[in-house]
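Participant: My structure is below; once you've seen it, I'll send some questions.
No value in this document is a laboratory result; all are computed from the given coordinates. Please read all numbers here as calculations on a predicted model, not as lab measurements. We place every Cβ from the backbone using ideal geometry, glycine too, and count neighbours over all the protein chains shown.
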6 protein chains.
Amino acid sequence: MVYLTRRTTFSAAHRLWSNHLNEAENYAVYDKCANPNGHGHNYVLEVTVRGAPDPRTGMVMNLTDMKKITNERVIDWVDHKHLNYDVSWLEGVIPTAEMLAIAFWERLEPGFQGLLYEVKLHETENNMAAYRGERQSLEGE
Amino acid sequence: MVYLTRRTTFSAAHRLWSNHLNEAENYAVYDKCANPNGHGHNYVLEVTVRGAPDPRTGMVMNLTDMKKITNERVIDWVDHKHLNYDVSWLEGVIPTAEMLAIAFWERLEPGFQGLLYEVKLHETENNMAAYRGERQSLEGE
Amino acid sequence: MVYLTRRTTFSAAHRLWSNHLNEAENYAVYDKCANPNGHGHNYVLEVTVRGAPDPRTGMVMNLTDMKKITNERVIDWVDHKHLNYDVSWLEGVIPTAEMLAIAFWERLEPGFQGLLYEVKLHETENNMAAYRGERQSLEGE
Amino acid sequence: MVYLTRRTTFSAAHRLWSNHLNEAENYAVYDKCANPNGHGHNYVLEVTVRGAPDPRTGMVMNLTDMKKITNERVIDWVDHKHLNYDVSWLEGVIPTAEMLAIAFWERLEPGFQGLLYEVKLHETENNMAAYRGERQSLEGE
Amino acid sequence: MVYLTRRTTFSAAHRLWSNHLNEAENYAVYDKCANPNGHGHNYVLEVTVRGAPDPRTGMVMNLTDMKKITNERVIDWVDHKHLNYDVSWLEGVIPTAEMLAIAFWERLEPGFQGLLYEVKLHETENNMAAYRGERQSLEGE
Amino acid sequence: MVYLTRRTTFSAAHRLWSNHLNEAENYAVYDKCANPNGHGHNYVLEVTVRGAPDPRTGMVMNLTDMKKITNERVIDWVDHKHLNYDVSWLEGVIPTAEMLAIAFWERLEPGFQGLLYEVKLHETENNMAAYRGERQSLEGE
């Protein structure tokens, strides 16, 4: 079992705001992240697969395929976009690093044939969230 | 003469769009950076002063003062903001890294009593603009 | 279950020296790290919590709270300090990265209401220790 | 139980090519990595041990010993070398990051007296493989 | 006058060897860099242009054009190649960071219409060469 | 003319305190950097030489020589030391980044035969001083 990680970057805007909270609560929880016109980040996405290398190729998975799947399922949708308005499959998702990591996992998992181990999302050089599929859905039943 | 640099980060959204260009030209020039809802970056700002250290303190300038001036004149205005809509002194400025570096210089220069040497602005880990005051105004009269 | 990490830096001096060893042994074990006047590092502390995001906020924990707790319980005590002399709760602790990671965990754990998952401490760009609470006390019973 | 990591870098050339594949397959799988004269990387190797710190020294393991073992068993063999031709114990190993991580584990493990926890190998700033000994041999018997 | 920099990475093998030196001299000068089968690096290339931003676009130069020119004139030739054997325009050039920086400048300069200011080449995280066209040819007349 | 840079790191303690100031002034100027027992940093030193590459070797200067000179004249004296007490040639120097950059230049310059161009000293990831010999002595009156 080897863990293979590929790192990609993308740039996006977002605004933290919850429909479950009133305006005062939103500003109390999200502070400057609730700025109406949004702000943005250079996100760093690390996708990790886990498996045994194929003895014929020495690869757990071809990095070219990891790139293709990650781009088609996530990066092409979010890069140079506003995460609150431009991404259909993020509708209703509060775009914290935590929720984005879960949402990206759910987009990526079906493409990786059981090999996906972890999705890590760096929002800044100081904040990061990671998800390993240990919870199934976004809206905690 | 010693060069002293202080690095700060801020997160902001922007959209590249020029009123001097029509829509087709805007998309041709700015491509995905012209996305109507904007996108964003973790900007890294490096401010450099140049001078002789004061023999009584060993400092060209107190880093605490550099921080205070940089925050009051730039960071507090742009951090967690949308650069096209939220910053009065950026009105009419196309927010490329180049134009932001010039605009930040013009904001910072009066605060640094002749010591300001360079303003560097990293937009991503791959793109950076630097300005040393070698041109006086934004609109090249 | 999402893992949320916040990175902080602090600068401190330390000297590696053990009261369980004689002088020759100390220099044999710690070499230049035993320099009597000490040396120092820009430490990087990564604190990770693990939990389910609150569906009302999209957060495992508010990063503002993580910052406040980390600062109050660790950073404010160790930043710009000599770890051998200036920190009451490090008395008797040999300030290796390993022991500091454990000591920081013990300081932080009561503040995080069961969410603390890992404390990582980078001493230099090449050395790092991590602790997940898998051992209860500093002085191996 | 504390995890202690030491980071080392080395520079090496390699070519990805499999004797289990014909020429067309090799180029399909490895693309530009199959360039006959090879290419190269600044590899970053992170070796992690896990254990309880010795209460007399505060160390899981002396970093000096970690350095010596890592250099003697891996770095001195691979640094400034061509991994396909110059390293006897890599003969027959397709030098992907995955296979190198396994091969390095197998070289390092006997030197670390049961403490070795993980070998991570960064091939570029975007690609990384990690191995924790969860599989015994290279050829999956 | 604004300085605009774009960073690109590429991976290549090289061997340091001079036809002006005999074998003993080559090993004395280049030591392990003279390994016959070569070694390699993840090079980081920083290309800087200098000019006044166009007031219609806010750009010194479109980063898309900088990317295209840099790729066509340098990166596509050297990425995943052996610099001693695979690049026609490096024939006879000893591939030190210094000589590569000069050679890359000479390749890039005609494409940048007088705007090229500097070519920086990082060979490792510790070694870097920069050239600003202050000398015309490779073979010092 | 090519600029060749070599990066080295060292770890040291220091205390900012000036004999030209009284106690209240010292704390006003240096704040927490005046902590009596000192604090410390992982310093990053970048030494840059400038010259024409020797056509026989392709080198401005052999990096091995740059390393040897830098270690013998600076690093071996300051690494794992307290800069206020352990370094004879820093006696009387207030160890700010600015003064250290000047002091290191003066130590290094005689070893580099006219090639030394710049000494850069990073104190933290956010603070940096650079000196190019544009002022002759520390007290230059």
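Participant: So the label point sits 7 Å from Cα along the Cα-to-Cβ vector; using that for A:Ala52, what distances do you get to the other copies, in nanometres, sorted shortest first?
Facilitator: Computed spacing set for this position: 3.5, 3.5, 6.2, 6.8, 7.3 nm.
Participant: Further question on the same structure: How much net charge surrounds B:Pro110 when only other residues with a Cβ under 12 Å from its Cβ are counted (Lys, Arg +1; Asp, Glu -1)?
Facilitator: Values: positive: B:Arg73, B:Arg107; negative: B:Glu72, B:Glu106, B:Glu109.
For residues surrounding B:Pro110, the net value is -1.
Participant: Say the cut-off is 26 Å between C-alpha atoms; which of A:Lys68/E:Lys81; C:Lys67/F:Lys81; D:Lys120/E:Lys68; A:Lys81/E:Lys68; C:Lys67/D:Lys120; A:Lys120/E:Lys81 go over it? Can you show the working numbers first?
Facilitator: Values: A:Lys68/E:Lys81 23 Å; C:Lys67/F:Lys81 32 Å; D:Lys120/E:Lys68 34 Å; A:Lys81/E:Lys68 23 Å; C:Lys67/D:Lys120 29 Å; A:Lys120/E:Lys81 32 Å.
With Cα atoms farther than 26 Å apart: C:Lys67/F:Lys81; D:Lys120/E:Lys68; C:Lys67/D:Lys120; A:Lys120/E:Lys81.
Participant: For B:Glu125, place a label point 7 Å out from Cα along the Cα→Cβ vector, do the same in each other copy, and report the separations in nm, one decimal, smallest first.
Facilitator: 0.5, 1.1, 1.1, 1.2, 1.3
Participant: Can I ask one more? Helix F:97-108 against the longest principal axis of chain F: what's the angle in degrees, Cα atoms only, rounded to the nearest 10?
Facilitator: 40 degrees
Participant: Can you name the chain B residue with its Cβ nearest the rotation axis from B to C, and give the distance in Å as a whole number?
Facilitator: Nearest to the symmetry axis by Cβ: B:Thr9, 6.
Participant: Then there's this: May I ask you to derive the relative contact order of region C:2-138, considering only C-alpha pairs under 8 Å and at least 6 residues apart, and to give it as an integer percent?
Facilitator: On the way: 219 pairs, mean separation 39.9, N = 137.
It comes to 29 percent, rounded to a whole number.
Participant: 7 Å along Cα→Cβ for the label point: how many nanometres lie between F:Glu23 and each equivalent label in the other copies, listed shortest first?
Facilitator: The answer, with the shortest distance listed first, is 3.3, 5.4, 7.2, 7.2, 8.3 nm.
Participant: Now for a different question. Rounded, prolate or oblate: pick one for region F:87-131, where a ≥ b ≥ c are the square roots of the eigenvalues of its C-alpha gyration tensor, a/c under 1.5 means rounded, and failing that, prolate if a/b is larger than b/c, else oblate. Before the final figure, lay out the partial values.
Facilitator: Details: a/c = 2.93, a/b = 1.22, b/c = 2.41.
Taking the square roots of the gyration eigenvalues as a ≥ b ≥ c, region F:87-131 is oblate.
Participant: Identify the residues of region D:67-104 with backbone N under 18 Å of a label point that sits 7 angstrom from the Cα of F:Thr9 along the Cα-to-Cβ direction, or state none.
Facilitator: Within reach of a label on F:Thr9: D:67-68, D:70-71.
Participant: What is the Cα centroid distance between region C:67-111 and region E:67-141, reported in whole angstrom?
Facilitator: Taking the Cα centre of each part, region C:67-111 and region E:67-141 sit 49 Å apart.
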